[in-house]
Amino acid sequence: MNTVCIMCPIGCALSVTEESGKIVVTGNSCLRGQKYGESEFVCPKRVVTTLIKGEKGGVVSVKTAEPVEKKLVKEVLKEAAAFRLSSSVRAGEIVLENVAGSGVALVATADYDAK
Amino acid sequence: MKNFDVVVIGGGPAGLAAALSARKKGASVAVLERDDKLGGILNQCIHSGFGLHYFGEELTGPEYAKRFRDAVLQDSGISVFLETMVLSLSKDKIICALSPAEGLLEIQAKAVVLAMGCRERSAGAIALAGERPAGIYTAGAAQRLCNIDGCLVGKEVVILGSGDIGLIMARRMTSEGAKVKLVMEIMPFSSGLKRNIVQCLNDFDIPLRYSTTVTRAEGKDRLTGVYIAPVDEKLAPILEKEEFIPCDTLLLSVGLIPENDLVSDMIELSPITKGAVVDERRETSLEGVFSAGNVLHVHDLVDNVSEEAAIAGESAALYALGKLPRGEKYAVTPSRGVRYALPQRIQAGEGKVRVYFRVDQVYRGKTVAVASGGEIVKRKKTAVMAPGEMQYIEIDKTALTGDVSIYLEEV
Ligand SMILES: Cc1cc2nc3c(=O)[nH]c(=O)nc-3n(C[C@H](O)[C@H](O)[C@H](O)COP(=O)(O)OP(=O)(O)OC[C@H]3O[C@@H](n4cnc5c(N)ncnc54)[C@H](O)[C@@H]3O)c2cc1C
Ligand code: SF4
């Protein structure tokens, strides 16, 4: 796998491979790049942010409370797009538990007043 | 006429941080905001990545804005005027504003903080050839329509400009089900953060082409496609290599301009930053008028905006209360490799000053030097510097003996 280290502005081009059970990172200039390369190879994670629609109109911005596995990002977006919010929420409150079976909740990042 | 010690024009992150720090010094404060909500552009930036420096945690734009908004609204010493458009500011600091609630509003301020933010360069500003069909938006306008109004502006998208707003919108439109076909950058490098290139483009397999631009837009009522071409070293398009890309939407992310129309005939503006020329207290050439945030110079991190605005707010309060010291000022001039430095003046005295600067291209392994009165007073080694990432170097005022210059060694 080829990627770019994002841990500092240098942006080393990393190459990560598995050789007889061991993960090998090359192209990094420091230990942080090594760790980043490993985690991107084993299980890359992302915080997902998107919008949830209200049943009677309006939108509210949400995020996953924790980073979720990158391969679940599309599913999270799909479930969020299909969901309709029926009541008011405040920023920080949970909108949808265990989104896409990730074990992580979607929480509101702004206030929403249901009409 | 109403009276306040400090009047802040603009209720974005800069305005809110300025208001809070002015209050800490005991000034009475008013914040004038034309929108119906405080928080500025942050309200539409729903992605995360704000506040890592300032709060030590990763917040979304609305969350970052809320922390400041709540603190401002809870402070009885800060009067907030929403839906209030400032129309003029006079030299003796009388502000005229218009609002549905108050009608025409006149306010006498002792000190003023300019915090009006910036606006995006539009199709007009970059002289795009061809038709003017529907479907051409600035990235920020598309972001607002999408994230505040919940309306997706198109299905097949091409983006010109690889600044952060363009990159963020590439991911956002993809998340909403649009197909982003291509992001183009006229320069051979991106002005956006590495992190955004990886997580907004690479994660979704969106191609990025450097040294490429849009030559023409096509379509009668709605955009049907754009012609694109690679550019030569002088950034002129190589028309023999022009190709057509069908799309219904073109997003422009081609730069931001500080919004200084209110004061452009009254204070000295820098031809490079297009913002005010200020000293380290962020005081402009007009005594008692201060400036901070994107109206002063375009920032890439909101954390820096909050920091800068806190300085401006505190200084404005001290000025209003008659406690801002005055003294000799040294000019700060950028040279060799440094495109601009801010503040452009430093008042002699004591204490530390952070000089913020941007370089003119990508540099590796260079040393930044600050000289004053012909002697080097500070040097700092750096690994990599890019024009898209604002840098700073901290200097001790007691070391200054004359005008200051900042440059890269061996450039
Ligand atoms: C479209 C866009 C997207 C951005 N996305 C990001 C991002 O994703 N990440 C990031 O770190 N930075 C982003 N930025 C940069 C961001 O603008 C700054 O980090 C920060 O928001 C600047 O704060 P500010 O208070 O200076 O300006 P703003 O947030 O723009 O606030 C200025 C405020 O002043 C008000 N105002 C202006 N003129 C008047 C007037 N005459 N009367 C009354 N009120 C007035 C405006 O309504 C606005 O609320 C973005 C900028 C833009 C333009
Ligand atoms: S590997 Fe180290 S030096 Fe290279 S980009 Fe990552 S953090 Fe920076």
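The values are calculated or read from the model by the stated rules, or taken from the named source; none is laboratory data. Note that this is a predicted model, so its numbers are computed, not measured. Cβ: placed from backbone, ideal geometry, glycine included. Neighbour counts: every protein chain shown. In case anyone asks, the SASA skips ligands and DNA or RNA and just uses the protein heavy atoms, side chains included. Shrake-Rupley method; radii C 1.70, N 1.55, O 1.52, S 1.80 Å.
Hey, which of these cross-link pairs are over 32 Å Cα-Cα: A:K78/B:K241; B:K25/B:K274; A:K22/A:K70? The pairs that break the limit, which is 32 Å between Cα atoms, are A:K78/B:K241. Segment B:392-410 and segment A:53-99 have Cα centres lying 50 Å from one another. In the protein assembly as shown, the portion of solvent-accessible area held by carbon and sulfur atoms comes to 51 percent [1.4 Å probe, whole percent, DNA, RNA and ligands not counted]. In this structure the amide hydrogen of A:T109, modeled in the peptide plane, comes within under 5 Å of the amide hydrogens of A:S61, A:V62, A:K63, A:G92, none closer than 5 places in sequence on its chain. Between amide H atoms placed 1.01 Å from N, distances below 5 Å from B:G225 occur with B:E218, B:C247, all of them 5 or more places distant or on a separate chain.
Here the Karplus relation 6.51 cos²θ - 1.76 cosθ + 1.60, evaluated at θ = phi - 60°, turns the backbone of segment A:52-59 into coupling constants of 10, 8, x, 4, 10, x, x, 9 Hz, with x for every Gly and Pro. If you fit an axis through the alpha-carbon atoms of helix A:73-82 and take the longest principal axis of the Cα set of chain A, what angle between them do you get, 0 to 90°, nearest 10? That helix lies at roughly 10 degrees to the long axis. In this structure, the amide hydrogen of B:V377, modeled 1.01 Å from its nitrogen in the peptide plane, lies closer than 5 angstrom to those of B:V370, B:A371, B:S372, counting only residues at least 5 positions away or on a different chain. Simple point charges give the picture: +1 on the Cβ of Lys and Arg, -1 on the Cβ of Asp and Glu, and for the protein assembly as shown a dipole about the Cα centre of about 380 debye.
Quick one: putting +1 on the C-beta of Lys and Arg, -1 on the C-beta of Asp and Glu, what dipole do you get for segment B:327-411 around its Cα centre, in Debye to the nearest 20? Each step should come with its number before you reach the end.
Numbers: 14 positive and 10 negative charges, 48 e Å.
Approximately 220 debye in magnitude.
Ignoring lysines fewer than eight residues from B:K366 along the same chain, the ones with Cα atoms less than 19 angstrom from its Cα are B:K378, B:K380, B:K381.
Here the Karplus curve 6.51 cos²θ - 1.76 cosθ + 1.60, taken at θ = phi - 60°, turns the phi angles of segment A:103-114 into couplings of x, 10, 8, 8, 10, 5, 10, 8, 7, 9, 10, 5 Hz, with x standing for Gly and Pro. Summed over both chains, the contact between B and A buries some 2000 Å² of accessible surface at a probe radius of 1.4 Å. Could you name the lysines whose alpha carbon sits less than 19 Å from that of A:K115, not counting residues in the same chain fewer than 8 places away? Candidates past the 8-residue exclusion: A:K53, A:K56, B:K37. Within straight-line reach of B:K194, meaning a Cα separation under 17 Å, sit the following aspartates and glutamates at least 8 residues removed in sequence or on another chain: A:E40, B:E58, B:D164, B:E185, B:D203, B:D205, B:D300, B:E389. In the full protein context, the protein assembly as shown carries 44 Å² of accessible surface per residue, based on a 1.4 Å probe and ignoring ligands, DNA and RNA. Per residue of the protein assembly as shown, what 222 nm ellipticity follows from adding -39500 (n - 2.57) for every DSSP H run with n ≥ 4, rounded to the nearest 500? After summing the helix terms and dividing by the residues of the protein assembly as shown, the value is -5500 deg cm²/dmol.
For the cross-link pairs B:K24/B:K110; B:K91/B:K323; B:K66/B:K323, the ones whose C-alpha atoms lie over 26 Å apart are B:K66/B:K323. Couplings 3J(HN,Hα) for segment B:3-20, derived from phi with the Karplus relation 6.51 cos²θ - 1.76 cosθ + 1.60 (θ = phi - 60°), are 10, 9, 5, 10, 10, 9, 9, x, x, x, x, 5, x, 5, 5, 5, 4, 5 Hz, where x marks Gly and Pro.
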